[in-house]
Every structure is written in structure tokens, then in C-alpha cells.
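As C-alpha cells, the structure follows; a few thoughts come after it.
Nothing in this text is a laboratory measurement; each read-out follows from the coordinates by a stated rule. All values reported here derive from a predicted model rather than from experimental measurement. A quick note on method: Cβ atoms are made from the backbone with ideal geometry, for glycine too, and the neighbour counts reach across all protein chains shown.
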Amino acid sequence: MSIKECRSKFVFIYLPTIYCPHPQQTMSMFPGKLLFCFSLIHIYLITTITLAQPDFVFNRCDNAENYTASSTYQRHLDTTLSILPTTNSGFGFFNFSTRQGNDTANSIALCRGDVNLDACSSCLNDSIVNLRKLCPNQKEALGYYDHCLLQYSNSDLLVYPQKRDYFFQFNPQNTTDIDKFNGALRPLMDELRGAAAAGGSLLKFASGNRTGPGFDRIYALVQCAPYLTEQECSECLEDEVSKIGIHDNGKIGGKIVLPTCYFRFEIYPFFNQSFRATPPPPYP
């Protein structure tokens, strides 16, 4: 049995006709008109592209603390999120803060370990646009796509543990043999958990596959935020993996996501199998 995941998205940008005089005529007679016309086109394109952002798999707006328009916190958040995409660690982790007491704006983003730079950047930019739109005045918010996760807050984000509420999603289809399926899945998860936790301070990610019941092959990946220690990463993933069988009940695919760690498994390849992170140097 094989399952294929196919997603197609077509975005058509309709540009209305805007009459602009000939450039030479405009520059000689009305210098401001040409600039005005191109400004209209630029604004229309930006607005249209913003509206075309894909929906999050999961997002959360924390209503505990809000900010007002044009406040110091909003200015700090604007600055923080504009600079965040330039802070890539080299392995898809981003971190930037604008600090000033209670108006401090912190932000972090994490791309999936096997995602290339272009896809990572695109995902982060989509996240910033969408999250600001969905959480227009909340000081703390989180948005998750399959390729990246973005979080911002007035509280410190480089801590463990964070809030323990998590997002989970499972395939509605059941495996034909729950015991054998989980008997293959759990060792695979334990193996990947150990590999990810042993990763360096720039990347804690592991993926792999194992033969399941029948002709099924189980594919899985796990990842931790790179600022976690080896013990914290292992503990975070172990807590999530222990929920297999509680929520999924023999499902053939699923994911559980926390801001600090997550896992996903399917019976079809859903990640870049040729990706191999450079292992950290061995401990002395």
C-alpha cells in the first residue's frame, strides 16, 4: 500500500490597469507622476501577495497581554521581525530581540532540518506576515508550518521547558496490525531521539525509516530547538513519543509539536532522504 501526498497551489495576481504617461514625457512635465504610478503598482503587488499567504497548520495567539497601535512594544516587534530573517545560524535557526524592559520583543524561528535555504526563508517570511495578521495586537504568538515554526513574545523564549500545551495531528487511517506497527515505530523513534539529542548547538535533527508490518515502511523525523542541552532535547522528545498510543491509537501517520521539539511519522517518504547533517565532533 502506498500513500502519496500531493499539494498544489496556484496563485494568480491580477494587476489592474493603471494609466501612466510615457516616462520621458512624465519626467519632463510632471516629475512626481511617474513615481506615484509606480508606487501604486508596488503597493498593489505587496497587498495582493500578502493576501496570498498559505494558512498555518497550527497557530496560537496569547491574549494574556496585548499592545496598542503605535506603542513602544509594536515598534520593537516591527524591528525584531524585520531583522529576524537575517539571523540564520546556518542550519535554519533564527533568534533576535529588541530589548527595553517590559517592552522587550523576543523572536525565534526554526526551520525543519532537511529544508533548503530558499524554502526555509520563504516559510519564515510567510509566517511573519500571517502571524501579524492573525494576532494583530497580542504580545505573544506562535505559528507552525510543516517547514518552519515562528514564535515571538515579551518573555524570554530561550528557556526550557516552555508552556506544555502542544499541537497534535494524526492520519485518520489505522494500521492493519497495531502491535507490530508500534513495535517498529517506537525503536525507530528512540534511535532518532538519541541522534537528534546528540547533535551540536546549531542543529538537533534526525530522520530515518524502518520496515513495519506487511510491506509498509515507516518514515520519521524528530527535531529539537538547538539551544536545548542533550538531556533537555532527549527529555522533550521522550515526553512526546510517550504519547504515541494515547492520541494516535494505531494511526499510520501523525505529528506532535511543541515550540522546543517535535516529531512526525508516516508510511511514505515526506522528508529529504538525501539530507545528512554534518555530525558534531566527538566528545573527548
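Under 5 Å between amide hydrogens, built in the peptide plane, is the criterion, and for TYR268 it picks out TYR219 among residues at least 5 positions away or on other chains.
Model label points for GLU65 and ASN116, set 7 angstrom from Cα along the Cα-to-Cβ axis, are 4.0 nm apart. Packing order of peptides 267-274, 91-98, highest average first: 91-98, 267-274 (average count of other Cβ atoms within 10 Å over each peptide's residues). Backbone phi angles across the range 254-263, fed through the Karplus curve with coefficients 6.51, -1.76 and 1.60 (θ = phi - 60°), yield HN-Hα couplings of x, 8, 10, 10, 10, x, 9, 6, 7, 9 Hz in residue order; Gly and Pro are listed as x. Near CYS148, the amide H atoms lying under 5 Å from its own belong to ARG112; only residues 5 or more places off or on other chains count, and H is placed 1.01 Å from N.
Since only VAL241, VAL129, CYS261 are under comparison, the one whose Cα sits farthest along the positive direction of the charge dipole of the range 127-284, derived from C-beta charges on Lys, Arg, Asp and Glu, is VAL129.
Once you've got the Cα coordinates, tell me which of LYS204/LYS251; LYS133/LYS204; LYS180/LYS255; LYS180/LYS204; LYS139/LYS255 are over 23 Å apart. Could you put the intermediate results ahead of the total?
Details: LYS204/LYS251 26 Å; LYS133/LYS204 31 Å; LYS180/LYS255 19 Å; LYS180/LYS204 28 Å; LYS139/LYS255 27 Å.
Among LYS204/LYS251; LYS133/LYS204; LYS180/LYS255; LYS180/LYS204; LYS139/LYS255, the Cα-Cα distance tops 23 Å for LYS204/LYS251; LYS133/LYS204; LYS180/LYS204; LYS139/LYS255.
Each peptide in 213-222, 144-153 was scored by the mean count of other Cβ atoms within 10 Å over its residues; highest first, the order is 144-153, 213-222.
Its Cα centre serving as origin, the range 84-198 has a Cβ charge dipole (Lys and Arg +1, Asp and Glu -1) of approximately 300 debye. Which FRET efficiency value, to the nearest 0.05, is calculated for THR86 and SER274 with the Förster distance at 22 angstrom and r the Cβ-Cβ distance? It comes out at approximately 0.20. Neighbours of ARG217 by Cβ distance under 11 Å: Lys/Arg scored +1, Asp/Glu scored -1, total -1.
Packing around the peptides 77-88, 182-193, taken as the average count of other Cβ atoms within 10 Å per residue, puts them in this order, highest first: 182-193, 77-88.
Residue-wise HN-Hα couplings along the range 221-234, as the Karplus relation 6.51 cos²θ - 1.76 cosθ + 1.60 with θ = phi - 60° gives them from phi, are 9, 9, 7, 10, 4, x, 7, 6, 6, 4, 5, 5, 4, 4 Hz; Gly and Pro carry x. Computed from the Cβ-Cβ distance with R0 of 45 Å, the FRET efficiency linking LYS133 to ASP239 stands at 0.90.
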